[in-house]
Amino acid sequence: MAEKQSSSAARKSFFALFLTTIVLFVLSWLFVLRSTGRPRPLDRKVLTTQKLPTFFHHVKSQSSNGLSRAILVNNGGREEEPPKREQGFQDKDGAMNCNGNVKEPLKIFMYDLDPEFHFGLLDWKPQGDRIWPDIRTEIPPYPEGLNLQHSIEYWLTLDLLASEISDNPNNRVAMRVQNSSEADLIFVPFFSSLSYNRFSKQNPHQKKSVNKVLQAKLVKFLTAQKEWKMSGGRDHIVMAHHPNSMLDARMQLWPSIFILADFGRYPLNIANVDKDVIAPYKHMVESYANDTSDFDSRQTLLFFQGSIYRKDGGFARQELFYLLKDEKDVHFAFGSLKNNGVIKAGQGMRLSKFCLNIAGDTPSSNRLFDAIASHCVPVIISDDIELPYEDILDYSEFCVFVRTSDAVKENFLINLIRSIRKEEWTQMWEKLKEVEALFEYQYPAKDGDAVQMIWQSLARKVPGVKMKINKSRRYSDAVVPGKDGGLRSIPAPKNFW
């Protein structure tokens, strides 16, 4: 009996000790948490005062052996050696290839496609066996009007051609190389949006439209190239910014990196944000230089001018028209290119505090980038929209996002917009002026413009592309037992994703 009582007392003592230990551990954890605080997101006020991150860093100082070297200077003026770099593979010039600090520009191999795929679509006539225009003396003009909004292919191609005649190629974000084995990515210079806009209609004497013929030729050409076969097309850049461009070819070229306006007309397995790049439209209205407006001078509260009755996801336009048309400080009207429609829309945006960007036939539209160029705070009502550079750019700092289901509720949208104070609007307006250059297309390209931002977006895809290519080679030429007891090799599947 005494032994049982002793055993019971020991168990109770052990349990009490265990419970005390647990309580002390929890109390100490709470103390540490209270002292240090939980991890918090970055302060936006800090971010807005800094330049947007650049993917490529050009190190100015060099050590005596030719390798790039940074010098840190403390408050006393004494030079200190920087911390050692992370381990990574080096090329012959000492550049790091396997970390984020890449000193060299993105290397692009561009196919010398027949001019019928690019500048020939602009009615450029090559002399002799020339493939490209000499951009030092002639630059074929791009058509005006709505064609311009999807002209991404034109600006990127010009920038690559310019990299060959640049005085200082190492200061570029991307440069053309002549050997595909040296390239990070392979560029396909097909002006697909222009091809759709100008040559998608079939003439009576044609079996197929010029646009369809060019797509078929392109697929046949690409899939026959050694560069495509080596990677399965994963490192190829294919431009299809117009939602209807590459309709026939996209299903065969899907492993490549598409440059798109949005994913509205693509199945998820063909195009997605992990694989592809979203590029901005080229805005149609003029840029607002020397903007001296303010909250009070922009007397229109909310502005929309465009097509009201749209199919697919654009039903919200019609709903919002009936909800907002009688509001005294709201401009919601039908608009088109006729009768100087673009000029009038630009003038209206400059006089407005907020500009509506509502989904239409597709999730995106040029209207967002017209609003940015006009410094009119965008109000985005498009649940499926994808935005350019959103991995490094916080659009909530200069845009207002509203779910479609909320926007079409009576008085919800107008009350939300009216609740935004002058100080809040001014902060977004200032941010718009700060970021507008990121959406500008121009030749020659300038630091931080749309052309360079797209190249940087592509550069951030390179590690993932390399990983997929390397994974596809895991079992390349694998040796397995044959039926006769001998050995046979099995080549890796070429279309493995």
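The values are calculated or read from the model by the stated rules, or taken from the named source; none is laboratory data. For clarity, every value in this text was computed on a predicted model and none was experimentally measured. Virtual Cβ from ideal backbone geometry, glycine too; neighbours counted across all protein chains shown. When the accessible area is computed, the model is the full protein with side chains, heavy atoms only, and any ligands, DNA or RNA have been set aside. Shrake-Rupley method; radii C 1.70, N 1.55, O 1.52, S 1.80 Å.
Take the Cβ atoms of ASP291 and ILE22, set R0 to 41 Å, and the FRET efficiency comes out at 0.05.
For ASP394 and ALA437, a Förster radius of 22 Å and the Cβ-Cβ distance give a FRET efficiency of 0.85, rounded to the nearest 0.05.
Restriction of the trypsin sites (Lys or Arg not before Pro) in segment 299-394 to DSSP coil positions whose beta-carbon has at most 10 other beta-carbons within 10 angstrom yields LYS311, LYS328, LYS338.
Based on every Cα atom in segment 168-266, Rg and the maximum pairwise Cα distance Dmax equal 15.0, 51 Å.
Based on the alpha-carbon gyration tensor of segment 104-276, what equivalent-ellipsoid semi-axes (square roots of 5 times the eigenvalues) come out, in whole Å, largest first?
Values: eigenvalues 114, 90, 50 Å².
Rounded to whole Å, the semi-axes are 24, 21, 16.
Among the listed pairs LYS229/LYS471; LYS107/LYS226; LYS325/LYS433; LYS220/LYS282; LYS431/LYS461, a Cα-Cα separation exceeding 21 Å is found for LYS325/LYS433; LYS220/LYS282; LYS431/LYS461. Descending by average beta-carbon neighbour count within 10 Å, the peptides 204-215, 141-152, 253-264 line up as 253-264, 141-152, 204-215, the highest first.
Once the 1.4 Å probe is applied to the protein heavy atoms, segment 205-264 comes out at 39 Å² accessible per residue.
Stretching the chain fully between GLU182 and ASP129 yields a gain of 16.5 nm (0.36 nm per residue, less the alpha carbon separation). When only Cα pairs below 8 angstrom with a gap of at least 6 residues are kept, segment 298-437 shows a relative contact order of 24 percent.
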